[in-house]
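A.B. asks: Let me begin by handing over the structure; questions about it come next.
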Amino acid sequence: MSHRFSRRQLLAGLAATGAMAPFARFGRRRAHAATDGERVKAIFVYVPDGCIPSVWHPTGSETSFSLPAMSQPLDPIKSDLVFLKGLEMYGPGATHEGGIRKVLTGSDPVSLDVFLGKTVNQADGLPFDSLQLGVGANFQNGSGSMSFIGENVPVQPDDDPLNVYARVFGGAPGGDPSEESPRDRRRRAILGLANADMERTQSRLAGIDADKLDIHLESIRAVERRLGGGGGSGGACDTGGFNSGGYVNVETDYYPKTYEKEENFRTVGELQMDLAALALSCKMTRVVSLMWSHPVSPTRIAESGSGLGNHDASHYGNPGSATAAAFVSMKQWFMQRFVYLIDSLRRTPDPDGGGTLLQSSVVFLCSELGDSNLHDHRQMPFVLAGQACGQLTTGRFLDYSGSANGDNQPHSKLLTSIANMMGVPVDRYGYTGHGTGPLPGL
C-alpha cells in the first residue's frame with residue numbers, strides 16, 4: 001500500500017477497526033498485534049541539538065549492553081526501552097533546519113503525529129486528534145516545529161501548560177469543566193459561521209488549494225468537537241492532582257513569559273509531561289508530541305551544572321573537551337526528565353484496558369541531528385519506549401549500521417513501524433530511497 005496515495009482513504013476510515021494487517025516481527029520473542037479493544041497511544045518527545053555519538057550509543061549485544069555517559073541516566077529504565085543505532089535521516093534538507101523538518105515527516109508533507117492523530121481519530125472521535133506541547137519551544141525559535149499539517153505548514157507547540165489545561169479540560173485547574181463559558185459560546189457561534197463559509201469556498205476549488213482548505217476545515221471541526229465535549233471524558237476525569245505545586249503565570253512577565261523563563265524550564269516541562277499522561281488517560285487524544293526547547297537551543301540549564309546554552313555546548317570540539325562535558329551534563333539532564341515521563345506512564349492506568357499507559361503506548365525520543373559537531377543526520381540518537389500493547393519488545397539495543405546494502409537504514413522505516421503499531425497499515429512514510437516497509441527486527 002502506498003502511503004502517499006492512500007492517505008485520503010485512511011483518513012476516511014482505514015483505522016475504523018483499530019486493527020492492523022499482520023507483518024513480520026523478529027526479536028527475543030514474537031510480539032502480537034493489538035486487538036480491537038487495545039488502543040495504542042503514541043508520544044513523540046524531542047530534545048535539541050543532537051548528541052556526541054561516541055558517548056550516546058550503547059555498546060554490547062542486543063540484550064546485554066551498557067550505556068555510556070550521555071545516555072547513562074536511562075539505565076534504570078532500560079528494560080522499558082529500545083535503543084536504535086544506525087538510522088539515518090535521508091532526503092532533502094541539512095543541518096538543524098532540515099533535521100527538524102524531517103524527523104517526524106521523513107520528508108512527507110505531514111508529520112507522523114498529525115497524520116496518526118487524524119487517522120485513528122476517525123474511529124475514536126476523541127476531542128483532540130493530537131496535542132502538540134512545548135517547553136520554551138517557541139522562545140527565540142528560528143528553526144521551527146517538528147509537527148506539520150501540510151507542506152511547510154507547521155503546528156506550533158503550546159508552551160503554556162495552564163493554557164493547555166484550559167484548552168483540554170475546560171478551565172483553570174480546580175475549576176468546573178462542565179460549565180461552558182461565555183467565551184466558548186461565542187467561539188462556537190463564530191466557528192459555525194466560519195465552517196459554513198469555508199465549505200462554500202471549498203466547493204469552488206480543486207487540487208492543492210482544496211486540500212489546504214480541507215486541512216483548515218478539519219481544524220475547525222476539531223475545535224467544534226472540543227467545545228461540544230464530543231467523545232471525551234474530561235468532565236468525568238480526575239484532574240485534581242494537576243499543578244499541585246501551584247505554578248502560575250505572572251501577568252507582568254512580558255518577555256520572556258513566565259513559562260519561557262529558564263528558571264521555570266523544569267517545572268513547565270514536568271507540567272507538560274503530566275498533561276500528556278493526563279490527556280491520554282482521560283481519553284482526550286491518543287497522540288501527543290512534546291518539544292523540549294527547539295533546534296539551535298539557547299536554553300541554559302543551571303541545574304545541569306553548565307553555564308552554556310545548549311547549542312553552544314553542542315559544538316563540543318572533541319569528546320574530551322570541557323565544552324563536551326557541559327553538553328554531556330545537559331543531555332543527561334534531559335534524559336532524567338525522560339525517566340520522569342516513563343515513570344509517570346508506568347503509574348497511570350490505561351483507560352482502554354487493565355494495564356498501564358506505558359504498556360499501551362509507543363514513545364519515540366528523538367532529535368534533529370546525529371553528531372552535533374558535524375550537523376549531520378547519521379547515527380541518529382533515537383530511542384523507543386513502551387510496549388505498544390505487546391507489539392514492542394523492549395530491553396534491547398538494535399544496531400542497523402550498514403545494514404541497508406552498506407548504508408544505514410532510513411529512519412522513515414521507523415516512522416512506518418510506529419504507524420503500524422498504532423493500527424495504521426501503511427508500508428511507507430516519506431522517504432523510500434532505501435526501500436519500503438517497517439524497520440526490520442523491531
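A.B. asks: Name the residue, out of Ser297, Ser244, that is hydroxyl-bearing (Ser, Thr, Tyr), at pLDDT 95 or above and either farther than 20 Å from Gln122 by Cβ or part of a loop (DSSP other than H, G, I, E, B) (or both).
C.D. replies: Sole residue among the options that is hydroxyl-bearing (Ser, Thr, Tyr), at pLDDT 95 or above and either farther than 20 Å from Gln122 by Cβ or part of a loop (DSSP other than H, G, I, E, B) (or both): Ser297.
A.B. asks: Being more than 21 Å from Phe334 (Cα to Cα) and touching a strand residue (DSSP E or B) at 6+ places or on another chain (Cβ under 8 Å) is the filter here, so list the residues in the range 132-155 that pass it.
C.D. replies: Answer for the range 132-155, where residues must be more than 21 Å from Phe334 (Cα to Cα) and touching a strand residue (DSSP E or B) at 6+ places or on another chain (Cβ under 8 Å): Phe148, Pro154, Val155.
A.B. asks: Which pairs have Cβ atoms under 6 Å, sit 6 or more apart or on different chains, and link a residue in the range 383-394 that is on the phi > 0 side of the Ramachandran plot to one that is modelled with pLDDT under 95?
C.D. replies: Pairs that qualify, where the first residue is on the phi > 0 side of the Ramachandran plot and the partner is modelled with pLDDT under 95, are Cys389/Ala34; Cys389/Glu38; Gly390/Ala31; Gly390/His32.
A.B. asks: Does any residue of the range 341-348 turn out to be assigned to a loop (DSSP other than H, G, I, E, B) and surrounded by fewer than 21 Cβ atoms within 10 Å (Cβ to Cβ)?
C.D. replies: Checking the range 341-348: at least one residue is assigned to a loop (DSSP other than H, G, I, E, B) and surrounded by fewer than 21 Cβ atoms within 10 Å (Cβ to Cβ).
A.B. asks: So which residues in the range 308-318 are of a type outside the set (Asp, Glu) and in contact with a Pro (Cβ under 9 Å, 6 or more places away or on another chain), if there are any at all?
C.D. replies: Gly309, Asn310, His311, Ser314
A.B. asks: Among the candidates Ser372, Ser367, Ser360, which residue alone is hydroxyl-bearing (Ser, Thr, Tyr), within 15 Å of the chain's Cα centre (by Cα) and at pLDDT 95 or above?
C.D. replies: Exactly one of Ser372, Ser367, Ser360 is hydroxyl-bearing (Ser, Thr, Tyr), within 15 Å of the chain's Cα centre (by Cα) and at pLDDT 95 or above, namely Ser367.
A.B. asks: Pairs, please: C-beta under 7 Å, at least 6 apart or cross-chain, first residue buried (at least 16 other Cβ atoms within 10 Å of the Cβ) and in the range 60-78, second of a type in the set (Asp, Glu)?
C.D. replies: If the second residue must be of a type in the set (Asp, Glu), the pairs left are Leu67/Asp75.
A.B. asks: Here is a further query. Quickly run through the range 318-377 and pick out the residues that are more than 25 Å from Lys102 (Cβ to Cβ), in contact (Cβ under 8 Å) with a residue 12 or more places away in the chain and of a type in the set (Lys, Arg).
C.D. replies: The one that is more than 25 Å from Lys102 (Cβ to Cβ), in contact (Cβ under 8 Å) with a residue 12 or more places away in the chain and of a type in the set (Lys, Arg): Arg346.
A.B. asks: Same structure again: Filter the range 62-103 down to residues that are in contact with a helix residue (DSSP H, G or I) (Cβ under 9 Å, 6 or more places away or on another chain) and more than 21 Å from His375 (Cβ to Cβ), then give me how many there are.
C.D. replies: Residues meeting the conditions: 13.
A.B. asks: Look at Phe139 and say whether it is surrounded by fewer than 24 Cβ atoms within 10 Å (Cβ to Cβ), under 16 Å from the mean Cα position of the chain (by Cα) and modelled with pLDDT of 95 or more.
C.D. replies: Here the answer is no, as Phe139 does not meet what is asked.
The values are calculated or read from the model by the stated rules, or taken from the named source; none is laboratory data. Predicted model only: the values in this text are computed from it and were never measured. Reconstructed Cβ throughout: ideal geometry from the backbone, glycine too, with neighbour counts over all protein chains shown.
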